[in-house]
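Data first, discussion second: the structure below is written as structure tokens.
The values are calculated or read from the model by the stated rules, or taken from the named source; none is laboratory data. Being a predicted model, the structure only gives us computed values, none of them experimental. Positions of Cβ are backbone-derived with ideal geometry, glycine not excepted, and every protein chain shown enters the neighbour counts.
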Amino acid sequence: MGGVGKTTLAEHIHNHLLENTQFNVYWISVSQDFTIKRLQGDVAKRLGLDLSDVDDAKVRARRLRDAFEKMKEMVVLMLDDVWEEFRLNSLGIDARNCRLILTTRSEEVCNRMQCHSKFELKTLDTEEASGLFERTLGSKTVLDGDLKDIAKSVAKRCDGLPLGIVTVAGSMRGVSNICEWRNALEDLKACSVGHDEMERDVFPILEWSFNRLNECQRNCFLYCCLYPEDWKIKRKELIDLFIWAELVSKRESWSKAFDEGQTILKKLIRVCLLEEAKDFMGDDCVKMHDLVRDMALRITHGNSKPKSSRDDVPRFLVKSLGWSNSKVTLEPKKWTQDLHAVSFHSDMFQHIKIKVPPAWSPNCPKLSTLLLSDVFIKEIPDSFFQHMCGLKVLNLSRCGGITDLPNSVSNLLKQMRDLDLSSTQIRDLPQELESLVNLERLNLKDCIHLRSVPPLGKLKQLRELDLSRTEIEDLPEGWESLVNLERFNLDKCLTVSRKIIPKGTFSQFHCLQLLFLPSYGGVQVNDPEVLNQLESFEGCLSFTDFYKITRWPKYYNNVYINDILTEDPSFVNEVRGFREKQLHFHQCKLGRGSNYLPDDMKCLIIEDCEGMGIRCLSDVFKNFINLSHLTELEIKELVEIEFLWQLSSASPRDQLEVSSFSPLHGLEELHLSRLPNLVGLFYGESEPSYLLPAGTFSSLRELWIYGCHSMKQLFTMQLLQNLQNLEELRVEDCEGLEEIAADGRGAPPATAAMIYESIEDIAIFGCPNLKRLPSFLSTIDGPPYLLPAGTFSSLRELWISGCHNMKQLFTVQLLQSLQNLRDLHVEDCEGLEEIAADGNGVGQRGGEGIQLTSSEGTATVVLPNLRKLHLRGLPQLKNICKAAMICDSIEDIEIFNCPNLKRLPSFLSTIDGPPYLLPAGTFSSLRKLWISGCHNMKQLFTVQPLQNLQNLEILEVNDCEGLEEIAVDGNGVGQGGGEGIQLTSSEGATANVILPKLWWLRLTRLPQLKNIFKAAMICESIWSISIADCPNLKRLPWFLSTIDGPPSPPSTLEIRGEKEWWESLEWDNSYPKDALDPLFSAW
């Protein structure tokens, strides 16, 4: 049964699972309009997977399965409202790490899908129903005496159905008059919508709640069913529809009409006929329960069942199109004279084709609203609108195929109030468009092929004009006459010609509330007075006008302030996003006048500006340090600046300690680039007497420093202690930088280990004088120091490049703390000798570090989440880590141009010591191993880890002059000329290594290579082997397609190499050369 609470219970389970980081949880609404392709597409969108290029259902299923199997966590797929059974493997749910939870009204569906556990939800008993009814009524509705008995009778009429109980109780919330309750009970008995058993139980209850609404609320509620089932309807979009369809009373401004629409939606939510929701962008939405929508469709004829209709409600024609409707022809017989609204809607990614019969003129004089969204219509005949004289709303948004409108739109639809052509391929508009004298909204947003708009001067009633993201080259003729405009949107019209709107142009626009101009285009407002009346603004201002503004709009986004209009379109493409409450100063001469920034500003960008005598930002903007809402600050190419901020007066230390003043305490992102004179973040912070106010930078999450060559240190220890929320640190091209953190005199602290549980990403590039990472990363120069537990426990990515003065990165002790490290990249550090050293500094034996030992023998470092290790251009690197490293999740290893490195980390090899049994599963996730330019290596690894490489796909080794073997046995270099000892089992047969996913093996320029591997390799996926410049390699291992049957190579194998080398190879009689000759091709 519907309405019994299946979805509600499933949502509680969904939210509970989301709190557990062991699960990836995905919610999909299935509904009646079901096809497997659509469901596959919905799942793919939730995974961020693009299946648009694949039509075959089986291929789509394989891609979904592969996506699930790549996830380390358990996947829980929750499918709500399933009406038909389907094969689990069609969604990839047969993956080893995937579980399914579904809700359905049909036990037969559960049985056919072989659900392991089934839970049938029953209606509530009398006591449970009464409790839910009273809780929904709320404490403000007091039930005493006879009133309580009547309320129980009302609740009893709901037959224990939770949806009915909640809906009825919501409608009676706040009612305390006994007469109203008695009347409600009689009305509830009289309701009769519904025919089958389920409908007789549910629909009368829902209809009763609907009957209690006034006429305006009823009509607004019914309009919600014009949207597809389970659709999250944006509140603004829905209220706009109420306004333009004249469902709400006409108000003097859009904002007042919008408030009335919000009030109606809140009422419908309060009586439980609508539910609150949010879409994937976080926008406020509403949605209808599917039973509530079914009820609305029944009483409006919306599903073409006139027996359920009523005479006191408008007549609708509603059609939701799915994969089963690849092409639809409009049926004239359904377009009757009493229609008030028509809605044809498909999934926005499907664009179902709709064919309009040629020369057809539907006789629909009462039709007020026509919605044809997300469909494909090649052409609308000129006769189509001939008998639609009452049409007020025409919505063709996201309608593919349409490139122009029939002229009848402007000639016949004189009552039109809303014309929405957004996101269409429209190229031309009728020249007589301005004859639609009652038009109040014209929406051409995202019409990317539209280059011009016809004259609009006669549209005196126009309240909203949206031309955003069009290709128009000039503003429409007559736009200055649209004095009733409330919303004027030219956002991202990048092709519009350069224009300065002169002062006084907006003096007649008394209703204007929203003005969006091209933020970085060529339209600039030369009238600061207009900002004093606006609610929302986005666009360009001159710096001269900036400081004349006395009242900033409530909403301002990405305001671009410039002394001269930019003519370089490439600048627009470099802009980093569009932020709410953002000011961007570009090429301004700072320092003129008393400049005050808006107190509620969130983002400030200063780029390529000049300012003589300016040492810090508080010299330019008087209230800079008081901006409590500022979350993002970006400064580029401000040559004169030396500091961000300085203490305005020499306040006593004790006053600062108790003061609530915390400059920049809300700042979350700080980007500083190409500031050649920048010395430090705060003036005076290196002085011993300086006390940084508490809370400074306490919210900072992201810090980027680029091209600041005069900085010798980033932080003092005083500031460093405030950075408890820092997640990302990026420093690049700072030639003078010597220390990340130092004490007040510029020296690194001796024993100041800082705990940073929040930092996730550290990247340091091109800092040749930097000797070490922050002292909390290493105590290499001092005695062994026990770091606090949790230090850098959240670090995910570490990237070091161009730091030639470093000798070691960190200690083994710190390495053990990096439990969440995923990526480690180290490149082009000429002096680096070790990645991880022991706690006593550079070890003995030539600087290779002293190997740690535990009571059991070899020490181990467990890095459970390390997935990528890249080491490149490290000429002095001798050691990675002497301790054994257990990395079960590692997928990608690349080591290039490390000529002094003798071995891979000890998790790959224990070649120099006694046989060491690695834990099961070590390197089971490795997909790619690429070694190049490591001339001191003699072997890569032993057979033991080779047997674990069940997911290895790519193995490539190049330019390693000393390499003799790829894999040897566990006792080190074998006998017999260094070719390794062949492994044998207890029966004496040759041991096999199975590499089921290896498809690429490439060995080039290895002059000392004598052996790859002596045992047979079962490589059922191998298709490419390339070997070049390996003159001492005389034998190939067996590459078998299967472990059973006679030896034979995979049929897909291709071997490439020099012809002379191939002829010189030695062959085993049981695996003759003849078997491989057809697969070989010379370079």
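Mind listing whichever residues of the stretch 994-1017 are assigned to a strand (DSSP E or B), more than 17 Å from L929 (Cα to Cα) and at pLDDT 80 or above?
N1011
Please determine whether any residue of the stretch 809-817 is part of a loop (DSSP other than H, G, I, E, B) and either closer than 14 Å to G873 by Cβ or modelled with pLDDT under 85 (or both). Talk me through it step by step, then tell me what you get.
Applying the first criterion (part of a loop (DSSP other than H, G, I, E, B)) to the stretch 809-817 yields 816-817.
Still in the running and either closer than 14 Å to G873 by Cβ or modelled with pLDDT under 85 (or both): 816-817.
Yes - at least one qualifying residue is present in the stretch 809-817.
Among (1) more than 30 Å from A67 (Cβ to Cβ); (2) not in a loop (DSSP other than H, G, I, E, B), there is one condition C110 misses while meeting the rest; what is its number?
Of the numbered conditions (1) more than 30 Å from A67 (Cβ to Cβ); (2) not in a loop (DSSP other than H, G, I, E, B), the odd one out for C110 is (1).
Exactly one of (1) more than 20 Å from the chain's Cα centre (by Cα); (2) over 20 Å from E107 (Cα atoms); (3) surrounded by 14 or more Cβ atoms within 10 Å (Cβ to Cβ) is unmet by G41. Its number?
Result: G41 fails condition (1) only.
Exactly one condition in (1) β-branched (V, I, T); (2) under 22 Å from C603 (Cβ atoms); (3) at pLDDT below 80 is false for V658; which is it?
With respect to (1) β-branched (V, I, T); (2) under 22 Å from C603 (Cβ atoms); (3) at pLDDT below 80, V658 is out only on (2).
Could you tell me whether any residue of the stretch 417-428 is within 35 Å of the chain's Cα centre (by Cα) and among the acidic types (D, E)?
yes
Limited to the stretch 255-291, what total is found for residues that are part of a helix (DSSP H, G or I) and in contact with a strand residue (DSSP E or B) (Cβ under 7 Å, 6 or more places away or on another chain)?
So the answer is 3.
Quick test for you: out of F384, F349, pick the one residue that is at pLDDT below 90 and aromatic (F, W, Y).
From the options F384, F349, the qualifying one is F349.
Would you point out the residue of the stretch 247-280, among those that are closer than 25 Å to S536 by Cα and in contact (Cβ under 8 Å) with a residue 60 or more places away in the chain, that is surrounded by the most Cβ atoms within 10 Å (Cβ to Cβ)?
Checking each candidate, the answer is W254.
Show me the strands (runs of 3 or more DSSP E) found entirely inside the stretch 399-494 where at least 3 residues are over 23 Å from Q386 (Cα atoms).
Once the strands (runs of 3 or more DSSP E) in the stretch 399-494 are filtered for at least 3 residues that are over 23 Å from Q386 (Cα atoms), what remains is 464-466, 487-489.
Give me the strands (runs of 3 or more DSSP E) completely within the stretch 334-390, filtered to those with at least 2 residues that are over 26 Å from D53 (Cα atoms) and touching a residue at least 40 places away in the same chain (Cβ under 8 Å), ordered by residue number.
In the stretch 334-390, 339-346, 369-373 are the strands (runs of 3 or more DSSP E) which contain 2 or more residues that are over 26 Å from D53 (Cα atoms) and touching a residue at least 40 places away in the same chain (Cβ under 8 Å).
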